[in-house]
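These notes concern the structure reproduced below.
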Amino acid sequence: MNKSIIKKSFQRFLPWFIPCIFLICWQIVSSLGIISERILPAPTEIIQAAIQLISNGELYEHMSISLVRAFIGFVIGGVIGFVLGLLNGVFRFSELLFDTSVQMLRNIPHLALIPLVILWFGIGETSKIFLVALGVLFPVYINTYHGIKSVDKGLIEMGKSYGLKGYKLFFHVILPGALSSILVGIRFSLGVMWLTLIVAETISAQSGIGYMAMNAREFMQMDIIVLSILIYALFGKLSDVIARYFEGRLLKWNA
Amino acid sequence: MENRNGINIQINKLEKVYDNRNVLNGLDVEIKKGEFVSVVGKSGCGKSTLLRLVAGLEDAEGGSIILDGEKLEGLNKKARIMFQDGRLLPWKRIIDNVCIGLSTEKRNKALEALAQVGLEERKDDYPSKLSGGQKQRVALARALVHNPDLLLLDEPLGALDALTRLEMQELIESLWRQKKFTAVLVTHDAEEAVAISDRVLLIDQGKISLDQTISLPRPRKRTNPAFALYVDDILSQIMNRNEDKEYPVLLPELSLSLLDSVNN
Ligand SMILES: Nc1ncnc2c1ncn2[C@@H]1O[C@H](COP(=O)(O)OP(=O)(O)OP(=O)(O)O)[C@@H](O)[C@H]1O
Ligand SMILES: [Mg+2]
């Protein structure tokens, strides 16, 4: 029994082993001056920069504006993609009407639209939210649509023969059957969301983490640039953890 | 007779065409109220098709299915079907699977049905936690909770091991005797058909080519010589062999004799 506890804590620690070693080496190499701080500042300096930005409230401001953009864009794109995927998955008419068009739009890399979007909406909030929503829409759409299309026909037939139809058939059989695929789409789109936001904020913004990094570049503040990158990594990891948590809850029958 | 349950099925000139192929080709049969009928035949001969037509899951190209004097249109509401692969919803707990299509106030009925198949203590598990035989018992409970007049069974025991099969056969038989519904069982196992049913139907070329009443007393003993005769007879009919004993009737012996003729 004691052994299994040791084994468990070992398994907990193992994923963090390489990051820790990496950090320690980084710190040593920087302190010894092997890497100049103009190329890569030491972890301690980055922590100092973080403390300073936290205490003057700048970090909070940039972080919250980035989070708000990400969230609003994600909700708009996600809802549109989800509803469109549902409609096209369930109704033949809507599938015939929309699917081809959506598939054509999907093949345009949404980041290629940045110049166009800036001309349309300027560099205000609308353009960034638009880009995020566009990026999120397609993975959610595709996975919802395919999820519904690939629900086991046998289960649908069973549901019908047991008297389920209409919304009951949808909520008891079709939607749960498509759920794991939908969640895959959501997780994938979270990655797209951050990527889009980083690019958009770096190119055209006056606030947000991406802006903070670009602004720091002008003043050669290496520590802030690296800090921004780390924050993005943290956000990415965090959204993945949240998505996994919901996946675990919603798909617990799958275990 | 107080046969509140059960239903009379009259099938006339039933035709079903898939891709220009007549799977059922003017099939005629009558199944009486409360009867237990097995349907056997070669793979692909249309057994499942017949069952799906009787369940109203598909429309026939021709002919009619009359249930207690009324022509079947659309879904057969008096029938419940049990599939070979169980088809439990993996995202619903056992009890909720049994409750599918059941109004909420009848939830205690679902518990009763689970108890009848001996699985009430597993009611809060997900199907993935059950064995194959247990899943089929849940599927049986789900079908029976509606008190159907007609129970359609499409090779429900095909995937089970021999011992579990026997147990399930006994369970199905005892529930049938208790509830007196009409039962149609599709099976590829002639022994199972003889053990459990009043009549065995053989489908060949889209028609009933054999309609054999099994007049053995219940409970049936497999060791009974008459039992073995029925099984042999049905098997040889399935294999399209005649009654003249040019070949031994049992399959293994047939293959042996074939082997001999090759060797000589
Ligand atoms: N949806 C379908 N579309 C086209 N052909 C079909 C369809 N369903 C069944 N068939 C064909 O109809 C024939 C009869 O099928 P059915 O499933 O009734 O056979 P079966 O007697 O149940 O066979 P098995 O013992 O293997 O289950 C087969 O040749 C099959 O290919
Ligand atoms: Mg079949």
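The values are calculated or read from the model by the stated rules, or taken from the named source; none is laboratory data. The shown structure was predicted, so the numbers you read here are calculated from the model rather than taken from an experiment. Don't worry about glycine lacking a Cβ; one is built from the backbone with ideal geometry, like all the others, and counts go over all protein chains shown.
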Of the residues in region B:41-57, those that are surrounded by 14 or more Cβ atoms within 10 Å (Cβ to Cβ) and in a loop (DSSP other than H, G, I, E, B) come to B:41, B:42, B:45, B:46, B:56, B:57
Taking region B:140-167 and the residues there that are within 16 Å of ligand 2 (Cβ to nearest atom) and within 22 Å of residue B:34 (Cα to Cα), the one that is farthest from the other protein chains (Cβ to nearest Cβ) would be B:157
Of (1) more than 16 Å from ligand 1 (Cβ to nearest atom); (2) of a type outside the set (A, V, I, L, M); (3) surrounded by 15 or more Cβ atoms within 10 Å (Cβ to Cβ), residue B:155 satisfies every one except (1)
Exactly one of B:51, B:27 is within 16 Å of ligand 2 (Cβ to nearest atom), touching a residue at least 40 places away in the same chain (Cβ under 8 Å) and more than 28 Å from residue B:135 (Cβ to Cβ), and that one is B:27
Of the residues in region B:5-58, those that are within 16 Å of ligand 1 (Cβ to nearest atom), acidic (Asp, Glu) and away from chain A (no Cβ under 14 Å) come to B:15, B:19
Subset of region A:41-58, residues of a type in the set (A, V, I, L, M) and surrounded by 14 or more Cβ atoms within 10 Å (Cβ to Cβ), comes to A:42, A:46, A:49, A:50, A:53
Counting only helices (runs of 4 or more DSSP H) entirely within region A:109-161, those with at least 1 residues that are in contact with a strand residue (DSSP E or B) (Cβ under 6 Å, 6 or more places away or on another chain) and within 14 Å of chain B (Cβ to nearest Cβ) are A:153-161
All-but-one check, residue B:89 against (1) within 24 Å of residue A:248 (Cα to Cα); (2) surrounded by 22 or more Cβ atoms within 10 Å (Cβ to Cβ); (3) at the interface with another protein chain (Cβ under 9 Å from one of its Cβ atoms), failing number (2)
When region A:204-231 is checked residue by residue, the ones that are surrounded by fewer than 18 Cβ atoms within 10 Å (Cβ to Cβ) and not polar (S, T, N, Q) are A:214, A:217, A:218, A:219, A:220, A:229, A:230
Within region B:8-24, of all residues that are over 15 Å from residue B:59 (Cα atoms) and either in contact (Cβ under 8 Å) with a residue 60 or more places away in the chain or surrounded by 14 or more Cβ atoms within 10 Å (Cβ to Cβ) (or both), the one farthest from ligand 2 (Cβ to nearest atom) is B:8
Scanning region A:7-38 residue by residue, the ones that are in contact (Cβ under 8 Å) with a residue 60 or more places away in the chain and either of a type in the set (Asp, Glu) or assigned to a helix (DSSP H, G or I) (or both) total 1
Log entry, pairs with first residue in region B:69-94 being in the same structural domain as residue B:168 (by TED's automatic domain parsing), second being polar (S, T, N, Q) and assigned to a loop (DSSP other than H, G, I, E, B), beta carbons closer than 8 Å, six or more apart or on different chains, reads B:69/B:8
Conditions (1) more than 16 Å from ligand 2 (Cβ to nearest atom); (2) assigned to a helix (DSSP H, G or I) -> residue B:136 fails only (1)
